[in-house]
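Contents: one structure, followed by commentary.
The values are calculated or read from the model by the stated rules, or taken from the named source; none is laboratory data. This one's a predicted model, so the numbers in the text were calculated from it and none came from an experiment. Glycine also receives a Cβ, built like all others from the backbone with ideal geometry; neighbour counts cover every protein chain displayed. These area figures cover heavy atoms from the full protein model, side chains too; ligands, DNA and RNA do not enter into them. Shrake-Rupley method; radii C 1.70, N 1.55, O 1.52, S 1.80 Å.
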Amino acid sequence: MARILVSDGLEASAVAKLKNHGFEVVEQFYEPEELANQIKNFDVIVVRSATKVKKPIIDAALETKLLKLVIRGGVGVDNIDVEYAKLNGITVANTPLASSASVAE
């Protein structure tokens, strides 16, 4: 069973869907030093803009090689070192259409 860390919050219905599909979801924000310790225990991390997934966090994740996917809930990925993640076999995705309705309103 994949473990997912939701670091910057996620809609309750999305968390429920993930859990219904058998994923273990942990909703917790960690300061960078603690995130470096905790990231070793997760297969996926979902962030928005507060959490930074840069080289030190990726290096920590590589110690266990569990982390396979970083998802940015939003348009940009400036808080993620995309190239370094990809270089180390970690997929990075975002949700570019997630805020379209809010922007249109």
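Data overview
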item: Sulfur and carbon atoms: percent of accessible area, the chain [1.4 Å]; result: 56 percent
item: Gain in span if fully extended, Ala93 to Asp78, counting 0.36 nm per residue against the direct Cα distance; result: 4.2 nm
item: Net charge dipole size for the chain [Lys, Arg +1 and Asp, Glu -1 on Cβ; Debye, nearest 20]; result: 320 debye
item: GNM flexibility winner over the chain from Val82, Val46, Val26 (Cα, springs under 10 Å); result: Val26
item: Aspartates and glutamates with Cα under 12 Å of Lys68, excluding same-chain neighbours fewer than 8 positions away; result: Asp43
item: Neighbourhood net charge (13 Å Cβ-Cβ; Lys/Arg +1, Asp/Glu -1) for Asp43; result: +3
item: Average accessible surface area per residue within the chain, 1.4 Å rolling probe, Å²; result: 58 Å²
item: With all protein chains modelled, accessible area of Lys19 [1.4 Å, Å²]; result: 110 Å²
